[in-house]
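First up is the structure itself, then whatever we jot down about it.
The values are calculated or read from the model by the stated rules, or taken from the named source; none is laboratory data. Because the structure is predicted, anything quoted here is derived from the model rather than measured. Counting neighbours? That spans all protein chains shown, and the Cβs are built from the backbone with ideal geometry, glycine included.
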Amino acid sequence: MIKQSFFLQDTCEIISGLFNVVITIVDKSFLRIAGTDHYKGEIGKPAVNPNVFKNVMENDKTIIIDHPGKEPVCNECSNKDNCQEKAAIYTPLKVDGEIVGGVGIIAFTEEQKRSAIFDNEFFLRFTEKLSEMISSKIEAEEYARILDINLKETLAIINSVHDGVVAVNEKGIIYQINDSASTFFGLKREQYMGVHIERLLSGRILERIKKERSIVDVEDKIDVGKTKLPVLITAQAIEGEKGLYGTVLIFKSMKEASSIARKLLHEADYKVGFEDIIGDSQEIENVKFLARKVAGSNSTVLIRGESGTGKEMFARAIHNASPRRDGPFIAVNCAAIPEPLLESELFGYEDGAFTGAKRGGKIGKCELAIGGTLFLDEVGDIPLFLQSKFLRMLQERTIERVGGNKIIAVDIRIIAATNRNLEEMLENNEFREDLYYRLNVIPIFLPPLRKRREDIMVVSEYFLRKYATRLGKNVSSLAEDTQALLNSYSWPGNLRELENAIECAVNIETGKKLTAASLPERILKASDPREFLDEGETGAPSAAAEHLREDDPFPLKESRRKTDVDTVIKALDKYGWDTKGKKVAAKSLGIGIATLYRILNK
């Protein structure tokens, strides 16, 4: 569809003046869009008698009327008996080969009828050129309209982008800045439009963009006034047949990058609170009370306890009760990362720092945790060669990437955790003393499950509900024999072992109550007191064990007579509460490991 325009009206006026005729143009719906003489007042209105125009457009042919009112084409016209026209020519108007309207040239006087334009041969050439001229103008206007729409759509898209977007031409001159670049990065349009991009970026980055044409998430700083803002830069050259047309640059703030990275770490349980830590015992309540008190501080916390006692859960709860709760919580298991990779994982690395390094370098976990908390699980496994660098980070809150020499400030809080005996490691020169004291600012000790036995049922029922729902099983309670077994077991793996045992049992159970038969084999075997008796190094029963089997149905009483609880605890405090420490403690006391566990259970 063609629209009213100044060009069409001006064209009609010129033709009318040159040839002394009346001219009018209608669109495909017979709406008059241009006209001279009395048709000028009809612009924007439907044609009263559109029959001739309809015939012209439907049949794609020019109609010349020498005797208005008497031609066959005039038969359906309501004015054929008192037609005022003396002559007329009607022709279709085409754009790109498609009929979009019609042009009418009319003579209302004998003088106008004698106009050269009514000469058939001349008119045919004239209308052909007129149609081409109008068509090309309409095409140009439509093309300009589409370009305008595309430009507005493009501007709307880039202004809706949260990242800063800056476009430069082939000479590096800035010609477009989106709203985010102006709002979040301070790139005011009146200051930066029309200036060279070198006012913003370092020569190093500009050279790289010029050479590579495309870069993705390269770290640098942009100069905004007197401030240097750390950003990640992505750039893409715009090239065509004639070469470079320009470049589009995208700026992402480092804080935003850290937030995105955190979300990509799949931390679905990120918002753990103290209320999510299950247990009513006095032991666990004391720990929660202390953890709540220190949550508001920035001081380093060292959480200690056996494997499976919930150290990371406490770390998350402390973070989420702290002023840093809206910042990232980045967890690193120091024991799970190979020693050669741990340094680059913690501190990041620069481009080309080592063979196989990612192009453009990589941000380490310390930087990702900026504004939040860095949780170092199994901190006792940090290799000795790396402990000095880690100590410096704790003291100065600054780091250097692997292969770099730039000092990077890191505003983070450290929460560390370990199940190892750090004091013994100090004695064996396996852990730096200065690092130990830097970490051990606020120590929190998590009790093993055997020291909070009143929580076993509470936690078991919680895990039962969790896995019954997750697995779609109709298991709603614990049978009495199951409760007895769970309460009597030593739980060397603590909460993690208890959770695994309940998950296993729920999978196997077919009834509504979780029966003892569904529990893992190791727990069923441990329910027999004879399984806990002392055995020698070869696995054969000791003399004391044989005596107890024959004479004492309650071997635990005899064990208590032989070795009291306080002595066992002192030994464990000395040698460590992990599995290795327990074996050493049992050996030093002259008892078997099973007897030691039995004493602890009681």
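At a glance:
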item	result
Residue match in region 163-170 (condition: exposed (fewer than 14 other Cβ atoms within 10 Å of the Cβ), over 24 Å from the mean Cα position of the chain (by Cα) and either at pLDDT below 85 or not in a loop (DSSP other than H, G, I, E, B) (or both))	no
Enumeration of residues in region 463-514 that are polar (S, T, N, Q) and either crowded, with 19+ Cβ neighbours inside 10 Å or within 19 Å of Arg453 (Cα to Cα) (or both)	Ser477, Thr482, Gln483, Asn487, Ser488, Ser490, Asn494, Asn500
Condition broken by Ser559, with the remaining ones in (1) surrounded by 21 or more Cβ atoms within 10 Å (Cβ to Cβ); (2) assigned to a helix (DSSP H, G or I); (3) modelled with pLDDT of 70 or more satisfied	(3)
Region 564-581: number of residues that are at pLDDT below 80 and not β-branched (Val, Ile, Thr)	4
Filter result for the condition that a residue is in contact with a helix residue (DSSP H, G or I) (Cβ under 8 Å, 6 or more places away or on another chain), of a type outside the set (D, E, K, R) and free of Cβ contacts under 8 Å to residues at least 12 places away in the same chain, over Ile337, Ile318	Ile337
Residues satisfying the stated conditions in region 465-500, i.e. assigned to a loop (DSSP other than H, G, I, E, B) and within 25 Å of Ile593 (Cα to Cα)	Tyr489, Ser490, Trp491, Pro492, Gly493
Positions within region 582-593 being buried (at least 20 other Cβ atoms within 10 Å of the Cβ) and out of contact with any strand residue (DSSP E or B) (no Cβ under 7 Å at 6 or more places or on another chain), in sequence order	Lys582, Ala585, Ala586, Ile591
Condition check for Ser281: exposed (fewer than 14 other Cβ atoms within 10 Å of the Cβ) and either in contact with a Cys (Cβ under 9 Å, 6 or more places away or on another chain) or at pLDDT 75 or above (or both)	no
From the options Val224, Val248, Val218, residue that is of a type in the set (A, V, I, L, M), surrounded by 15 or more Cβ atoms within 10 Å (Cβ to Cβ) and modelled with pLDDT of 80 or more	Val248
Those residues of region 284-322 which are under 19 Å from Arg453 (Cα atoms), hydroxyl-bearing (Ser, Thr, Tyr) and surrounded by fewer than 21 Cβ atoms within 10 Å (Cβ to Cβ), in sequence order	Ser307
Residue in region 54-74 that is within 19 Å of Ile138 (Cβ to Cβ) and in a helix (DSSP H, G or I) present	yes
Failed criterion for Arg359 (all others in (1) out of contact with any Asp or Glu (no Cβ under 7 Å at 6 or more places or on another chain); (2) at pLDDT below 90; (3) basic (Lys, Arg) hold)	(1)
Hey, Ala544 modelled with pLDDT under 75 and farther than 21 Å from Arg452 by Cα or not	yes
Criterion (at pLDDT below 95, within 19 Å of Val301 (Cβ to Cβ) and not aliphatic (A, V, I, L, M)) met by exactly one of Glu423, Glu400, Glu430	Glu423
The one condition in (1) at pLDDT below 90; (2) more than 28 Å from the chain's Cα centre (by Cα) that Ile382 fails to fulfil	(1)
Some residue of region 395-404 being assigned to a helix (DSSP H, G or I) and surrounded by fewer than 19 Cβ atoms within 10 Å (Cβ to Cβ)	yes
Matching option when the condition is in contact with a helix residue (DSSP H, G or I) (Cβ under 7 Å, 6 or more places away or on another chain), within 30 Å of Asp578 (Cβ to Cβ) and at pLDDT below 90, among Val301, Val332, Val272	Val272
Those residues of region 181-226 which are part of a strand (DSSP E or B) and under 15 Å from Val168 (Cβ atoms), in sequence order	His196, Ser214, Ile215, Ile222
Candidate set from region 433-465 (those that are basic (Lys, Arg) and in contact (Cβ under 8 Å) with a residue 12 or more places away in the chain); member that is nearest to Gly296 (Cα to Cα)	Arg438
Subset of region 1-56 [more than 60 Å from the chain's Cα centre (by Cα), aliphatic (A, V, I, L, M) and crowded, with 16+ Cβ neighbours inside 10 Å]	Ile15, Val21, Val22, Ile23, Val52, Val56
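Let's see how each residue does on (1) in a strand (DSSP E or B); (2) closer than 30 Å to Ala140 by Cβ:
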position: Tyr39; (1), (2): no, yes
position: Val48; (1), (2): no, no
position: Val52; (1), (2): no, yes
position: Ser78; (1), (2): no, no
position: Tyr90; (1), (2): yes, yes
position: Gly102; (1), (2): yes, yes
